[in-house]
Amino acid sequence: MAAKNSVMVFVQQDDGKVAEVSIELISKARELANRVKSKVTAVLVGSGIRKAAESLIPYGVDHLYTVDHKGLAHYTPVPYTRVLTDVIKKYAPQIVLYGATTTGRDIAPRIASALRVGLTADCTDLQIGDYQSKGQTYQNVLYQIRPAFGGNIIATIVSPERKPQMATVREGVMKMSDPDPSFKGEVIEEKVELKPEDFPSEIVERVKQEKLVNLKGAQIIVSGGIGVGSKETFQLIHQLAHALGGEVGASRAAVDAGYVSKDHQVGQTGTTVRPRLYIACGISGSVQHRAGMDESARIIAINTDPEAPIFQIANYGIVGDLKEVIPRFIKAFRAKA
Amino acid sequence: MGLNLIVLVKQVPDTQNITGNAMKEDGTVNRSALPAIFNPEDLHALEAALTIRESVPDSRVHVLTMGPPSAVQVLKDSLYRGADFVALISDRRFAAADTLATSYALKCAIEKIGAYDIVLCGRQAIDGDTAQVGPQTAEKLGINQITCVSEIVELDADKRTITARRSIEGGFEKVRSALPVLLTITDESYPPRPPSAIKMMTYKNATTEMSSGDFDETYLTSGAELKAENTITLWDINAINADPDSCGLPGSPTKVKNIDMVVLKSEEIRMIENTEEAIGGMVHELVADHTLG
Ligand SMILES: Cc1cc2nc3c(=O)[nH]c(=O)nc-3n(C[C@H](O)[C@H](O)[C@H](O)COP(=O)(O)OP(=O)(O)OC[C@H]3O[C@@H](n4cnc5c(N)ncnc54)[C@H](O)[C@@H]3O)c2cc1C
C-alpha cells in the first residue's frame, strides 16, 4: 500500500555504504512521523543496494524505496534528480529530509526547483507546530530551524503552502536511535528508465580519505583555541586528550593559525559534536564555535579572561593560564584513575 | 569559437566582520550598519570566468545580479575587473524572494542573454549560506551542474567538454561534463584580481540604462565594443519576461516564522580555583559520576 503524506528521507550512500547522517535523519523522521501520525519512508538510490536497504528498516522505516541501476552507483546530479523527483511525485510525502552534505546540498535544491517547493538549508533542529498567516492556521507544519547571518541569529523557516516541505540537515545534530530488529518495514523496488543523455557527468577520478579524526564519535573532547599560543604549546592539548582517552578539537582560529589540521575544527563550519565532556582551553566561545559544541553533556572552560563568553555555557570554569591548569589536570587525573 | 560565460553575483552584508556597533541594544544584528560587499566566493567565480576568457579567445564574460539599485556597486566592480557586459535585475516585484524565486528570475535573465556555455556563481553567499541558488538555477535551465569547484582542470571548447575538480567530504572528485554547465566555485582557488585602475577611470561614472525588451541579442555574436556611457543594463520583470507570480514574495514558498538571537544558556557554573587541590576535587567528581574514567 502506498503511504502518502509520509516523512521521507533521502538516503545517501557511496559504494553501498550508507552515510551516518541518513540514519540520524531516519531516527528524526520516526519522531516527526509519530508526531504527525504518518509513516516513515526512505529512498535509497545506487547499484547493488539491497543489503544496505534492509539494514535501514530497524531504524524505523515503514517503506523503503530502492532504485537500483548500474549508472547510479555514484551520485551525479542529473540522473539522481530525475529518479528522486519521480519517487517524490509518485508517493507525495509531506516532508523530505536530506543530509546537509556536499551531495545533499547538491541534489536538494535541484529537486526543490523541479517541484517548485520550499527548501531550507543546513538545519540544526526540526520541530512540528502550527503556523498562522493572514488569518489562516496551518497545522503540523515543519519548523525548519537554522543559524543564519554568520551564526548570529537562529531563524525558524516554514513552507506551509506547498508540499513536500524540504530541508537539508546538518550532520551530527540529530541523535541516531538504536535499531529495533523486530521493526516491520518493507523494501519496495522502483523501476527507472534512464537514457545515456540522462548522464551528462562522468566522474573521472575520486580521492577520498577516511577521516583520521573521529570527533563525532568521541565521548571526551579536549579543544584548544588561539589562546594556546603556539603549535608547540598545543602539545598540551594532545597530552590532556591522550591522558583522558579523548579526541583533540580546536577553534577555527587555532586551525587558521596552523596549530592543528582542519579536521579537528569544531563549530558552525567544522564538526558538530555532543560528547559526554568537552574541555575548552583558550577558546573565547564565539557563537560559531558554540554552535558546534553547546549540546555537550558537560563543559569545562579554561581561560585567563573571567569575562570570556565560554564561561556562560560551561558547567565548570577555571580562570587561569592553560599552561598551568592542564598539567595540574593531568596530574590530578593520573592520581585518581 | 569563443565561449559565452555568465557569472551570477550578489551584494551581501559583511557578516564575517560583525563588530560591536553592528549589534543593536536588544542584541540583534543591525543589517544596515554592516558594509555591503561583493559576496566573496562570487569574486572567485568572476575570476574563474575571466581566466577562461584568457584561454579561449573571443569569449565574453557577462555578469548578472539581482538586487536593489544599490547593487550596481558589484556590477561596477565587475567592470573594473574586466567583465564585458553587466546587468542589474531589479524590480520591486522581486523583493522578498527566497532562493526558489531568485533562481527563477536569474533563469529568465540568463535566457534573455540567450546563448551561453558556462554559468558560474560562488558556492554560497555569506548572508544566507544556503548554496541553493546555483543548483536551483541549473535545474530551471535544464542543464548539468558541478558544485563546490576548486579548479577547472581542462576545458575543451571544440569538443565542448569541461573537467573540474570539486571538493567532497574528506577528498575530491574530478568530474567531466558536456557544455552547457553551471559551476559553483569555492574560495580555494582563483584569487580575485584587483580592479584595474584604467577601467576604474572608464567606468566610474557608468550609469544604468533601462532596457525593456529591446536588448540587442545580436551583440553576442557581433562582438561590438560596449560604449562606456551605457555600460550597466537594467532589466525589470517585463524585460526578462518573468511571471510575477513566480517572483518575489508570491513566488517564495519559504517564510521566516521568527528570528531568535543566539542566547547563551545560563547553566549553573561552578568556578574552580586554579590550584592542584581544587582541580583534583573537580576531577574526582567527574570520575565519580562516570564522566571521566
Ligand atoms: C561564518 C563564520 C563561521 C565560523 N565558523 C567557526 C567554527 O566552525 N568554529 C570556530 O571555532 N570558529 C568559527 N568561526 C570563527 C569565530 O568567530 C571565532 O573567531 C573563533 O571561534 C575564535 O577562536 P578562539 O576562541 O580560539 O579565539 P579568541 O576568540 O581569540 O579567544 C582566545 C581565548 O583564549 C584566551 N586565552 C589567551 N591566552 C590564554 C592562556 N594562556 N590560557 C587560557 N586562556 C587563554 C583568551 O582569553 C580568549 O578568550 C567562524 C566565523 C564566521 C564568521
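Share of antiparallel DSSP beta bridges in the stretch B:56-198, in percent to the nearest 5?
50
Return B:CYS247, A:CYS281 ranked ascending by Cβ neighbour count within 10 Å, so the fewest neighbours appear first.
B:CYS247, A:CYS281
Under a Cβ-Cβ cut-off of 11 Å, what is the net charge of the residues other than B:GLU47 that fall near it, where Lys and Arg count +1 and Asp and Glu count -1?
Cβ neighbours under 11 Å give a net charge of -1.
From the square roots a ≥ b ≥ c of the eigenvalues of the alpha-carbon gyration tensor of chain A, which class results: rounded (a/c under 1.5), prolate (a/b over b/c), or oblate?
prolate
In debye, nearest 20: dipole of the stretch A:7-198 around its Cα centre with unit charges on the Cβ of K, R (+) and D, E (-)?
520
With charges set only on the Cβ (+1 for Lys and Arg, -1 for Asp and Glu), what does the dipole of the stretch A:220-336 come to about its Cα centre, in debye to the nearest 20?
400
Looking at chain A only, what percent of DSSP beta bridges run antiparallel? Nearest 5 please.
Around 25 percent antiparallel, to the nearest 5.
With an 8 Å Cα cut-off and a minimum separation of 6 or more residues, compute the relative contact order for the stretch B:85-186 in percent.
29 percent.
What do you get for the angle between helix B:72-81 and the principal long axis of chain B? Use alpha-carbon atoms, 0 to 90 degrees, nearest ten.
In chain B, helix B:72-81 runs at an angle near 70 degrees to the longest axis.
Using helices alone, what [θ] at 222 nm do you get for the protein assembly as shown, with -39,500 (n - 2.57) per DSSP H run of 4 or more residues, divided over all residues and rounded to the nearest 500?
Estimated from H runs of four or more residues: -7500 deg cm²/dmol.
In which sequence would B:MET201, B:MET282, A:MET176, A:MET8 go, from the one with the fewest C-beta neighbours within 10 Å to the one with the most?
Taking fewest neighbouring Cβ atoms as first place, the list is B:MET201, A:MET176, B:MET282, A:MET8.
Top mean-square fluctuation among B:THR233, B:THR147, B:THR161, Gaussian network model of chain B, C-alpha springs under 10 Å?
Greatest mean-square fluctuation among the candidates belongs to B:THR161.
Taking every pair of alpha-carbon atoms in chain B, what share in percent sits in each 5 Å bin, from 0 to the bin with the longest distance?
Binned Cα distances yield the sequence 1, 5, 10, 14, 16, 14, 11, 7, 5, 4, 3, 3, 3, 2, 1, 0, 0.
What net charge do the residues around A:ALA332 carry, taking every other residue with its C-beta under 10 Å from that of A:ALA332, with Lys and Arg at +1 and Asp and Glu at -1?
Result for the neighbourhood of A:ALA332: +2.
Normalised by the number of residues in chain A, what is the relative contact order in percent for Cα pairs under 8 Å and 6+ residues apart?
Relative contact order of chain A: 14 percent.
Given Cα pairs under 8 Å that are at least 6 residues apart, what percent is the relative contact order of chain B?
22
Just tell me the longest site-free run in chain B, where the sites are GluC sites (Glu not before Pro) in a DSSP loop having at most 14 other beta-carbon atoms within 10 Å.
Between the exposed loop sites, the longest stretch runs B:26-168.
Aspartates and glutamates within cross-link reach of B:LYS112: Cα-Cα under 13 Å, excluding same-chain residues under 8 positions apart?
The qualifying aspartates and glutamates are B:ASP214, B:ASP216, B:GLU217, B:ASP236.
Between the alpha-carbon centers of the stretch A:278-304 and the stretch B:81-151, tell me the distance in whole angstrom.
38
Round to a whole angstrom and tell me the spacing of the C-alpha centers of the stretch A:113-161 and the stretch A:205-243.
Going from one Cα centre to the other spans 35 Å.
Count the DSSP beta bridges whose two residues both fall in the protein assembly as shown, then state the antiparallel fraction as a percent rounded to the nearest 5.
If I count the DSSP bridges inside the protein assembly as shown, around 35 percent turn out antiparallel.
Within a 10 angstrom radius of the beta carbon, how do B:THR202, B:THR291, B:THR207 rank from fewest other beta carbons to most?
So the ranking, lowest neighbour count to highest, is B:THR207, B:THR202, B:THR291.
Are there trypsin sites (Lys or Arg not before Pro) in the stretch A:67-99 that DSSP puts in a loop and that have at most 15 other Cβ atoms within 10 Å, and which ones?
Here no loop site has a sparse enough neighbourhood.
Could you pull out the trypsin sites (Lys or Arg not before Pro) across the stretch A:148-184 that fall in loop regions by DSSP (anything but H, G, I, E, B) with no more than 10 other Cβ atoms inside 10 Å?
Here the sparse-neighbourhood loop sites are A:LYS184.
Could you pull out the chymotrypsin sites (Phe, Trp or Tyr not before Pro) across the stretch A:138-191 that fall in loop regions by DSSP (anything but H, G, I, E, B) with no more than 14 other Cβ atoms inside 10 Å?
Taking the stretch A:138-191 and a limit of 14 other Cβ atoms within 10 Å, the loop chymotrypsin sites (Phe, Trp or Tyr not before Pro) found are A:PHE183.
Need the list of lysines near A:LYS37 for cross-linking: C-alpha distance under 23 angstrom, and skip anything on the same chain fewer than eight residues off.
Filter leaves A:LYS4, A:LYS28, A:LYS89, A:LYS90, A:LYS163, A:LYS175, A:LYS184.
Calculate the dipole size of the protein assembly as shown relative to its Cα centre from +1 charges on Lys and Arg beta carbons and -1 charges on Asp and Glu beta carbons; express the result in debye to the nearest 20.
960
Here, each number is a calculation from the coordinates, and none is a lab measurement. All of these numbers come straight from a predicted model, not from anything done at the bench. For neighbour counting, all protein chains shown are included, and Cβ atoms are generated from backbone atoms with ideal geometry for every residue, glycine included.
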